[in-house]
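Structure, as structure tokens:
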Amino acid sequence: MSDTEAVFTLTQNEDTLKVYPFYFELKLRYQLIDRKLNLTYEVKNTGTAELLFSIGAHPAFAVPNTPNTVYEDYYLAFNADEKLTFWKLEDGLVANETELIELGGHRLNLKHSLFYNDALVFKTLQSNCISLLNTKNDYGLHFHFEEFPFFGIWAATDAPFICLEPWCGVADGVNHDQELARKEGIIKLDIGENWSRFWEVECF
């Protein structure tokens with residue numbers, strides 16, 4: 001712990017072992033570096049068997065976030081993608097149906113109706129940076145992430161925020177057999193092994 005860093009640690013206990021029978025150590029390391037917030041996930045298998053897990057983030061950002069702007073003034077800029085294929089959700093499960101969004105200049109304009117049918121779930125995103133920008137001023141943020149194979153974008157109905165969600169793992173598919181080892185995106189960590197990923201927000 002310091003003025004610019006906070007670390008939170010979670011390990012198994014009697015309650016977790018009843019529903020998640022694995023021994024582990026999870027650390028969330030938050031660091032402030034100038035105008036950047038960095039979050040690193042650190043996972044260690046402390047047990048005597050293979051560790052199965054998924055992990056992801058659910059950060060929300062206010063929209064609008066400056067005076068004299070409205071939700072529809074904002075957009076997401078993708079540093080690589082020109083079109084987005086997303087998987088629809090059905091009662092919280094990933095459906096077999098996809099939909100294509102064509103981006104104009106790598107840009108997805110925000111509107112509340114985008115999320116009326118729940119989150120947009122991406123499995124083939126090419127970008128590793130998504131920027132939240134607006135058409136009225138030069139304030140915004142860059143959201144950097146690496147090695148997250150799934151990504152979600154979500155907002156509650158007509159809510160004044162947007163969630164940018166890098167995931168290592170995804171909800172079950174509608175036809176999944178509920179066997180954890182066969183869950184899409186499940187991570188398998190050998191005894192004593194360590195694993196980490198990070199994402200970063202840069203405000204300007």
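The values are calculated or read from the model by the stated rules, or taken from the named source; none is laboratory data. Just so we're clear, the structure is a prediction, and the values are computed from it rather than from any experiment. A quick note on method: Cβ atoms are made from the backbone with ideal geometry, for glycine too, and the neighbour counts reach across all protein chains shown. Surface accessibility is based on the protein's heavy atoms, side chains included, excluding ligands, DNA and RNA. Shrake-Rupley method; radii C 1.70, N 1.55, O 1.52, S 1.80 Å.
In square angstrom, rounded to the nearest 10, how much accessible surface does F61 have for a 1.4 Å probe?
30
Per residue, how big is the convex hull around the C-alpha atoms of the range 1-63? Give it to me in cubic angstrom, could you?
124
When the dipole is taken about the Cα centre of the chain, and only Lys, Arg (+1) and Asp, Glu (-1) are charged at their Cβ, what size is it in debye, to the nearest 20?
Using only the charged Cβ atoms, the result is roughly 240 debye.
Translational diffusion coefficient of the chain at 10 °C, 1.306 mPa s, Stokes-Einstein with Kirkwood Rh over Cα pairs, in µm²/s as a whole number.
After rounding, the answer is 86 µm²/s.
Identify, among F115, N38, F198, the residue whose Cα sits farthest towards the positive end of the charge dipole of the chain, taking +1 on the Cβ of Lys and Arg and -1 on the Cβ of Asp and Glu, with the dipole about the Cα centre.
Going by the charge dipole, the pick is N38.
Put Y74, Y23 in order of accessible area, largest first, 1.4 Å probe: what do you get?
Y23, Y74
Counting other C-beta atoms within 10 Å, and keeping those with at most 11, which DSSP coil trypsin sites (Lys or Arg not before Pro) do you find in the range 1-81?
Hits after loop and neighbour filter: R35.
Taking the Cα centre as origin and putting +1 on Lys and Arg beta-carbons and -1 on Asp and Glu beta-carbons, what dipole magnitude results for the range 1-77, to the nearest 20 debye?
Using only the charged Cβ atoms, the result is roughly 100 debye.
Among the chymotrypsin sites (Phe, Trp or Tyr not before Pro) within the range 90-170, which fall in a DSSP loop and have no more than 14 other Cβ atoms within 10 Å of their own Cβ?
Of the chymotrypsin sites (Phe, Trp or Tyr not before Pro), the ones in loops of the range 90-170 whose Cβ has at most 14 other Cβ atoms within 10 Å are Y116, Y139.
What's the longest bit of the chain with no exposed GluC sites (Glu not before Pro), using DSSP loop states and at most 14 other Cβ atoms within 10 Å as the test?
Result, exposed sites excluded: 83-145.
Just going by the charge dipole of the range 1-97, with Lys and Arg at +1 and Asp and Glu at -1 on Cβ, which of W87, P67, L10 is farthest out on the positive end?
Towards the positive end, the residue furthest out is L10.
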